[in-house]
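Colleague: Handing you a structure now.
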Amino acid sequence: MFCYQCQETAANTACTVSGVCGKKPEVAAMQDLLVYVTKGISAITTKMREGGKKVPQRGNHLITGNLFSTITNANFDLEALQARVEESMMVKNCLLSQLEDTDGLPEAALWKGEPKDYVSKASEVGVLSCKDEDIKSLRELILYGLKGMAAYVSHANVLLHENEEIDMFIQKALAKTLDNSLTVEDLVQLTLDTGSYGVKAMELLDKANTDTYGNPEMTHVKLGVRNKPGILISGHDFKDLEMLLEQTKGTGVDVYTHGEMLPAHYYPAFKKYPNFIGNYGNAWWKQREEFEAFNGPILMTTNCIVPPKDSYKDRLYTTGEAGYPGSVHIEGGIGEEKDFSEIIERAKHCIPPTALEDGEIIGGFAHNQVFALADSIVDAVKQGAIKKFVVMAGCDGRHKTRDYYKEFAETLPDDTVILTAGCAKYRYNKLPLGDIGGIPRVLDAGQCNDSYSLALIALKLVEIFGVESVNDLPIVYNIAWYEQKAVIVLLALLSLGVKNIHLGPTLPAFLSANVANILVDNFHISGTSTVENDIEKLIYA
Ligand code: SF4
Ligand code: SF3
C-alpha cells in the first residue's frame with residue numbers, strides 16, 4: 001500500500017505497510033481501486049455533458065459518496081468498499097453504453113474488470129502509478145481537496161440541497177487527474193479552481209444546514225452527564241442526529257454529542273429535545289478511552305473512526321459513508337428514514353455514562369451570530385481592546401506535537417480573539433481564556449465546513465473597515481490540518497486570496513518540493529515553528 005493523504009502518515013512520508021490510522025493494506029487497495037473507477041465514471045459523465053446528455057442525479061451522488069468513503073478514518077470495511085466498487089462498475093458500464101463515441105476516454109473509463117481482477121488492478125492504479133513527482137503531487141492535492149468537497153456536498157445532499165455545477169466540477173476535475181497532457185501550470189490552476197468550488201460547496205452546506213436547522217446562535221453546552229442511559233453520536237451528519245433525536249423522544253434514552261457533532265447544540269432546531277443533553281469528550285483521537293467510559297452505544301455518522309477496543313466494539317454502530325468491519329451499519333439513503341431502534345434498545349440496557357468532566361463551554365459563533373455582534377466587535381477593535389483575530393480552524397490529531405496549539409492559544413496576548421471551526425478547537429476550547437468586554441476569546445463557528453463562516457466574517461470586516469483585501473485586516477491564520485476536509489478548507493482560503501497561512505503541525509507529505517515552493521512563493525504559506533517564534537511573527541511582526 002501507499003497512502004500519504006493525511007497529516008499522520010508514517011514518518012511524514014507515507015504509510016506503506018499498514019495505516020497509522022488502522023487502515024489495512026487490502027482496504028487501502030480497495031480504496032485505490034474505488035478512486036480509480038470513480039475517476040473513470042467522471043471521465044464518462046464529463047463527456048456525456050459535453051455531448052449535451054444529462055447525467056442522472058444518482059450518478060452524482062455515487063461519485064461524491066465514493067470519494068467520501070475513502071477519506072481518512074471514514075470507512076475501514078473491505079466488504080462495503082468492494083460492494084461500492086461493484087456498484088460503481090455497473091453504473092460505469094451503463095453510462096458508457098449511452099455514449100456513441102468513446103474516443104479519448106481514459107483507460108479508467110473503459111476498464112471492464114470483474115471482482116476477480118480487483119486485487120491485481122488495484123496494485124496498478126494507486127498513487128505511485130504516476131512517475132512525475134510534481135504532477136503526482138498536484139494530482140493528489142486536487143484529489144484530496146475533491147474528497148473534502150465531496151464530503152460537504154454529500155452532507156448537503158442528505159438535506160436535499162443540490163448543486164449540479166459543483167458536481168460537474170468535481171467530475172471534470174477528477175477526469176483531469178487522468179489527463180497526461182496537463183502541465184504543472186494547468187494543474188496549479190485546477191488546484192485553485194478546486195478551492196473556489198470548495199467555497200461554493202461550503203456555501204451549499206451552510207445553506208442546507210441553516211435552512212433546515214436555523215442559524216447557529218451563542219450557546220452554552222453542558223459537558224457533564226445525567227443519570228440515564230445514553231447514545232453518543234459522532235461525525236458530521238446532522239440529519240442522522242435529527243432522526244435519532246426524533247426516535248429517542250420519550251424512550252428515557254439521552255443523546256450526547258462527541259467530536260465534530262458538538263456544534264449541533266448551536267442550532268435552534270435541536271434545542272427543543274429535552275433528552276439532548278450536551279457534549280461528551282473531545283476530538284476524535286481520544287475516542288478509545290472516551291467511548292469505553294460512555295457505557296452506551298455510539299453512532300459514527302462519518303469520520304473520524306479509530307479502530308475500537310474490544311470493550312466497546314459491539315456498542316459501535318456506523319451509518320452513511322462510515323463503516324467498520326464487525327460493526328452494525330444502519331442503512332438509509334438520501335431522503336430515507338433510518339431506523340435506529342436497535343441502537344435505542346441497546347442503550348436501554350446500558351448503564352449511564354461515566355462523567356469525564358463537568359461545566360460548560362460556549363460556541364455558536366457562525367456568521368449570522370457574529371454579524372449580530374458586529375457593532376461590539378468593531379468597537380472593541382477601534383478602541384484597541386481587540387488587536388488581532390487569530391484563525392485557528394482545522395483538525396485535531398493524536399501527535400504530541402499538537403500540544404503546540406494549546407500552548408499557542410495560552411500564550412496569545414489578552415487582546416487577541418481566536419476564530420475557530422473544526423475539531424482543532426478541542427486543544428483550547430476548555431481553557432480559561434476569558435473574554436474581551438463580553439466577547440469570548442474563543443469564537444467557535446462550528447464544524448470544519450463552517451470555516452466558510454470565518455471567510456464570510458473576514459469579508460464582512462473588509463467591508464466594515466473599508467480595506468482592500470482580507471490580507472489588510474488584523475487577522476492571522478494558524479491552521480491545523482489532519483484529513484482531506486482540511487485540505488479543501490485550505491484551498492478555499494487560498495482561492496479567496498488569503499496569504500501568510502501557517503499550516504501545521506507539519507506540511508503535507510504529498511507536496512513535492514516544487515509544489516511546496518509554488519505555495520510558498522504565491523501564498524507565503526509556511527509551516528509552524530516554536531510557539532514563541534510564531535507569536536512573534538503572527539502577532540507582533
Ligand atoms: Fe496513513 Fe493517513 Fe493514509 Fe491512514 S489515511 S493510511 S494514516 S496516510
Ligand atoms: Fe475533525 Fe476528523 Fe478534521 Fe471535521 S473529525 S475536522 S479531523
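Colleague: Once you have the Kirkwood Rh of region 364-540 from its Cα pairs, apply Stokes-Einstein at 25 °C and 0.890 mPa s and quote D in µm²/s. Can you show the working numbers first?
Modeller: Numbers: Rh = 16.3 Å.
Diffusion coefficient, whole number: 151 µm²/s.
Colleague: Over region 394-457, consider all pairs of different Cα atoms and compute the Kirkwood hydrodynamic radius from their mean reciprocal separation; express it in Å, one decimal.
Modeller: Hydrodynamic radius (Kirkwood, Cα only) of region 394-457 equals 12.2 Å.
Colleague: With viscosity set to 0.890 mPa s at 25 °C, what whole-number translational diffusion coefficient in µm²/s follows for region 10-212 from Stokes-Einstein and a Kirkwood radius over Cα pairs?
Modeller: Working: Rh = 17.3 Å.
Here the translational diffusion coefficient equals 142 µm²/s.
Colleague: Expected output is a single nm value to one decimal: the length gained when fully extending between ASP186 and SER341, i.e. 0.36 nm times separation in residues minus the C-alpha distance. What is it?
Modeller: Between ASP186 and SER341, full extension yields an extra 50.7 nm.
Colleague: Which pairs, out of LYS313/LYS485; LYS460/LYS499; LYS249/LYS406; LYS200/LYS460; LYS207/LYS425, put more than 28 Å between their alpha-carbon atoms? Don't skip to the answer; put the middle values down first.
Modeller: Working: LYS313/LYS485 26 Å; LYS460/LYS499 17 Å; LYS249/LYS406 38 Å; LYS200/LYS460 17 Å; LYS207/LYS425 23 Å.
Checking Cα-Cα distances, LYS249/LYS406 exceed 28 Å.
Colleague: A further question follows. Sorting LEU490, LEU190, LEU146, LEU182 on the 10 Å Cβ count, fewest up front, what's the list?
Modeller: LEU182, LEU190, LEU490, LEU146
Colleague: Averaged across orientations, what area in nm² does the convex hull of the alpha carbons in region 175-263 project?
Modeller: Numbers: hull surface 35.8 nm².
With every direction weighted equally, the projected area is 9.0 nm².
Colleague: Same structure again: Taking R0 as 25 Å, what's the FRET efficiency between SER129 and LEU99 from their Cβ-Cβ distance, rounded to 0.05? Could you put the intermediate results ahead of the total?
Modeller: Working: r = 25 Å, r/R0 = 0.99.
Rounded to the nearest 0.05, the efficiency is 0.50.
Colleague: For the chain, taking Cα atoms only, what is the radius of gyration to one decimal and the Dmax to the nearest whole Å?
Modeller: 22.5, 70
Colleague: On the Cα set of region 219-348, report Rg and Dmax in Å, please.
Modeller: Reported Rg and Dmax, both Å: 13.2, 37.
Colleague: Test of the criteria: in region 397-506, which chymotrypsin sites (Phe, Trp or Tyr not before Pro) are in a DSSP loop and have at most 11 other Cβ atoms within 10 angstrom of their Cβ?
Modeller: The qualifying sites: there are none.
Colleague: Separate question: Need one number: nm distance between label points at GLU114 and LYS249, each 7 Å from Cα along Cα→Cβ, rounded to one decimal.
Modeller: It is 5.1 nm.
Colleague: Suppose a student asked you for the relative contact order of region 379-499, using Cα pairs under 8 Å spaced at least 6 residues apart; what percent would you report?
Modeller: Answer for region 379-499 is 32 percent.
Colleague: Starting from 0.36 nm per residue, how many nanometres of slack lie between ILE351 and ASP211 once their C-alpha separation is accounted for?
Modeller: Numbers: separation 140, 0.36 × 140 = 50.40 nm, distance 3.66 nm.
Result for the pair: 46.7 nm of gain on full extension.
Colleague: Another question, then. Could you tell me what fraction of 2.2 N^0.38 Å the Cα radius of gyration of region 454-500 comes to, as a two-decimal ratio?
Modeller: Working: Rg = 11.4 Å, N = 47, 2.2 N^0.38 = 9.5 Å.
Rounded to two decimals, the normalised Rg is 1.20.
Colleague: May I ask you to derive the FRET efficiency for VAL17 and VAL520 from their Cβ-Cβ distance with R0 = 25 Å, giving the value to the nearest 0.05?
Modeller: 0.20
Colleague: Given a cut-off of under 8 Å on Cα pairs at least six residues apart, what relative contact order in percent is computed for region 1-136?
Modeller: Over region 1-136, the number comes to 32 percent.
Colleague: For Cα pairs less than 8 Å apart in space and 6+ apart in sequence, what is the mean separation divided by the residue count of the chain, i.e. the relative contact order in percent?
Modeller: 17
Colleague: Further, regarding this structure: Take every DSSP beta bridge whose two residues both sit in the chain, then give the antiparallel share in percent to the nearest 5.
Modeller: Once the DSSP bridges in the chain are tallied, antiparallel ones form about 20 percent.
Colleague: What distance in nm lies between label points placed 7 Å from Cα along the C-beta direction at ARG288 and GLN57?
Modeller: Spacing of the two 7 Å Cα→Cβ label points: 4.3 nm.
Colleague: Going by how many other beta carbons lie within 10 Å of each one, how would you line up SER327, SER196, fewest first?
Modeller: By the 10 Å Cβ count, ascending, the order reads SER196, SER327.
Colleague: Based on the Cβ-Cβ distance from LYS313 to VAL467, what FRET efficiency comes out when R0 is 56 Å, to the nearest 0.05?
Modeller: 0.55
Colleague: I'd like the projected area of region 245-305, averaged over all directions, using the convex hull of its alpha carbons. Report it in nm² with one decimal.
Modeller: Projected area, direction-averaged: 4.3 nm².
Colleague: OK, next. Please report the orientation-averaged projected area of region 273-375, defined via the convex hull of its C-alpha atoms, in nm². Can you show the working numbers first?
Modeller: Working: hull surface 36.1 nm².
The Cα convex hull of region 273-375, projected and averaged over all directions, gives 9.0 nm².
Colleague: While we're looking at this one, here's another question. Can you pull out the GluC sites (Glu not before Pro) in region 34-143 that DSSP calls coil and that have at most 16 other Cβ atoms within 10 Å?
Modeller: Answer by residue number: GLU100, GLU124.
Colleague: What's the ranking of 443-451, 150-158, 351-359 by average number of surrounding C-beta atoms within 10 Å, highest first?
Modeller: Sorting 443-451, 150-158, 351-359 by mean packing, highest first, produces 443-451, 150-158, 351-359.
Values quoted throughout were computed directly from the atomic coordinates according to the rules given, and no laboratory measurement underlies them. The shown structure was predicted, so the numbers you read here are calculated from the model rather than taken from an experiment. Positions of Cβ are generated from backbone atoms using ideal geometry, with glycine treated the same way; all protein chains shown enter the neighbour counts.
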